[in-house]
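*Asks:* Got a structure for you, questions after.
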Amino acid sequence: MRVLVIGAGGREHVLCWKLAQSARVTKLYCAPGNAGISRLAECVPVRATDVDGIIALAKREKIDFVVVAPDDPLALGCVDALEAAGISAFGPRRAAAEIESSKIYAKTLMQKYDIPTARWRAFDRPDEAIAYIRAQGAPIVVKADGLALGKGVVVARTEDEAVRAVRDMMENKRFEEAGARVVVEECMTGPEVTVLAFTDGETVAPMPSSRDHKPVFDRNRGPNTGGMGAVSPAPGYTPAMATLCEKTIFIPTVRALAAEGRPFQGVLYFGLMLTEQGPRVVEYNARFGDPEAQAVLMLLESDLLDILQDVRGGTLARADIRWRPGASCCVVLASGGYPGTYPTGLPITGLPDDTPERMVFHAGTARRGEDCVTAGGRVLGVTARASTPEEARRLAYETADTIRFEGVHMRRDIGI
Ligand code: AMP
Ligand code: GLY
């Protein structure tokens, strides 16, 4: 089977790594991919948002199955377009992916189906949003309705900060149309947990839990990033909590989407907060998380292609999904300056040989002749698995410390 993965980050590298292990994959492509992925797959320079280019590539290379990993092509209807062109694809259709691409849609769905989440209101006028903020007081959370590269959420400590966020999004158009409407919601507190779940629209198969570390500096200081590291499982997510989340959040969400005529087939990302009132939804994503996927998929024992095809075919109930016991840890090596501006094209040295227990997943990297150079903010995700979380963390950091590029920055407290 000829398989094409869409995307270019660490998540796409782990997907390619797992798919390359499948006996049924005869040829693997990635568009556009990166330096690490190019060792496993033929990388083709087609952008993830170039839906017509992806369809042309899939036809030209006689691709049997396309795995659409990032949020923006899903929101653009890439899966719908591929299927309409007769090409089988993994990922939710555009209508189902709206659970990520519109926060107002997600909140409305949760309200209608009694899925626990923060109290909220949606606004399309800044003056009304500001009046609501003044009435509610701080802390309070302001979110752009649409996709904003993970930067569209402001957890405001003061009313003024929240008001500035509203002006920035709605008047200064910081996120263009994505911020034309905003959600203002209650600020929740408690540990955060990510649960990724395979679903074919009916059956829900949660993967081991994980935890992302979004702020750039240790002890959660500094601005938010796309994710500076992840561990799996998430500390504190007990089997009893998993059962409760399944009953009150995972199954109700999948049923709600089906009832709305938007059955979700793909990976549904549940961003949860374990509050004193019980688990609540912080956000949904319509795809694997990055870097959660790197940590979680290191623990997958079964054939990933089989599972993805069962999701696509509506036969997830019969899928063989086995996980290795133990834990994993992914430490992100970022460019100095990220998430602000940073240089690119810097040579990377000290990359170790990969083993099944210790993988260096590439994100923003490119090949320059024989060399591997930096090409993005998040550069590498050093990921290890072991029988205990402590051992996985030790192995990940030991490996990360051998890798060098000018200005490299990592958090030292992933999983602590
Ligand atoms: P998101 O981009 O939706 O993942 O949000 C980014 C981060 O903002 C989350 O991981 C939370 O830490 C925080 N956040 C979002 N919504 C809330 C909320 N209602 N209360 C507290 N923190 C929140
Ligand atoms: N790690 C958060 C995300 O993928 O959106």
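*Asks:* Taking ALA178, is it open to solvent by less than 40 Å² (accessible area, probe 1.4 Å) and either over 30 Å from ARG312 (Cβ atoms) or within 16 Å of ligand 1 (Cβ to nearest atom) (or both)? Give the steps one after another, and end with the answer.
*Replies:* On the way: open to solvent by less than 40 Å² (accessible area, probe 1.4 Å): yes; either over 30 Å from ARG312 (Cβ atoms) or within 16 Å of ligand 1 (Cβ to nearest atom) (or both): yes.
So ALA178 passes the test.
*Asks:* Which condition does ARG211 not pass, out of (1) within 16 Å of ligand 2 (Cβ to nearest atom); (2) closer than 25 Å to ALA400 by Cα; (3) part of a loop (DSSP other than H, G, I, E, B), if it passes all the others?
*Replies:* Status for ARG211: all satisfied but (3).
*Asks:* Consider only pairs whose beta carbons are under 6 Å apart and that are at least six residues apart or on different chains; among these, list those whose first residue lies in segment 99-118 and is closer than 11 Å to VAL281 by Cα and part of a helix (DSSP H, G or I) and whose second residue is open to solvent by less than 40 Å² (accessible area, probe 1.4 Å) and within 16 Å of ligand 2 (Cβ to nearest atom).
*Replies:* ALA106/ILE99; ALA106/TYR284
*Asks:* Quick one: what pairs do we get from segment 288-307, first residue free of Cβ contacts under 8 Å to residues at least 24 places away in the same chain, second open to solvent by 10 Å² or more (accessible area, probe 1.4 Å) and more than 13 Å from ligand 2 (Cβ to nearest atom), C-beta under 6 Å, 6+ apart or different chains?
*Replies:* Between residues of segment 288-307 that are free of Cβ contacts under 8 Å to residues at least 24 places away in the same chain and residues that are open to solvent by 10 Å² or more (accessible area, probe 1.4 Å) and more than 13 Å from ligand 2 (Cβ to nearest atom), the close pairs are GLU301/ARG322; GLU301/ARG324; SER302/ASP320; SER302/ILE321; SER302/ARG322.
*Asks:* I'm checking my understanding of the structure. Among residues of segment 151-190 that are in contact (Cβ under 8 Å) with a residue 60 or more places away in the chain and part of a loop (DSSP other than H, G, I, E, B), which one is nearest to ligand 2 (Cβ to nearest atom)? Give the steps one after another, and end with the answer.
*Replies:* Of segment 151-190, the ones in contact (Cβ under 8 Å) with a residue 60 or more places away in the chain are 151, 153, 181-190.
Going one step further and asking which of them are part of a loop (DSSP other than H, G, I, E, B), we end up with 151, 181, 187-190.
Details: LYS151: 11, ARG181: 20, CYS187: 19, MET188: 17, THR189: 19, GLY190: 18 Å.
So, considering only residues that are in contact (Cβ under 8 Å) with a residue 60 or more places away in the chain and part of a loop (DSSP other than H, G, I, E, B), the one nearest to ligand 2 (Cβ to nearest atom) is LYS151.
*Asks:* Just one of (1) within 14 Å of ligand 1 (Cβ to nearest atom); (2) open to solvent by 70 Å² or more (accessible area, probe 1.4 Å) trips up ASN172, so point out which.
*Replies:* Among (1) within 14 Å of ligand 1 (Cβ to nearest atom); (2) open to solvent by 70 Å² or more (accessible area, probe 1.4 Å), the lone unmet condition for ASN172 is (1).
*Asks:* What residue, among those in segment 369-416 that are in a strand (DSSP E or B) and charged (D, E, K, R), is nearest to the chain's Cα centre (by Cα)? Reasoning before the result, please.
*Replies:* Initially, segment 369-416 is screened for residues in a strand (DSSP E or B), giving 371-374, 378-386, 404, 409.
Filter again for charged (D, E, K, R), leaving 371, 378, 385, 404.
Numbers: ASP371: 28, ARG378: 14, ARG385: 20, ARG404: 26 Å.
Here the residue is ARG378.
*Asks:* Further, regarding this structure: Show the residue pairs that are 6+ apart or on different chains and have beta-carbon atoms under 8 Å apart, the first residue being within segment 241-264 and part of a helix (DSSP H, G or I), the second being open to solvent by 50 Å² or more (accessible area, probe 1.4 Å) and charged (D, E, K, R).
*Replies:* What qualifies is PRO252/ASP114; VAL254/GLU202; ALA256/LYS112; ALA258/GLU202.
The values are calculated or read from the model by the stated rules, or taken from the named source; none is laboratory data. Please read these numbers as outputs of a predicted model, since none were measured by experiment. Cβ coordinates were reconstructed from backbone atoms using ideal geometry, including for glycine residues, and neighbour counts include every protein chain displayed. When the accessible area is computed, the model is the full protein with side chains, heavy atoms only, and any ligands, DNA or RNA have been set aside. Shrake-Rupley method; radii C 1.70, N 1.55, O 1.52, S 1.80 Å.
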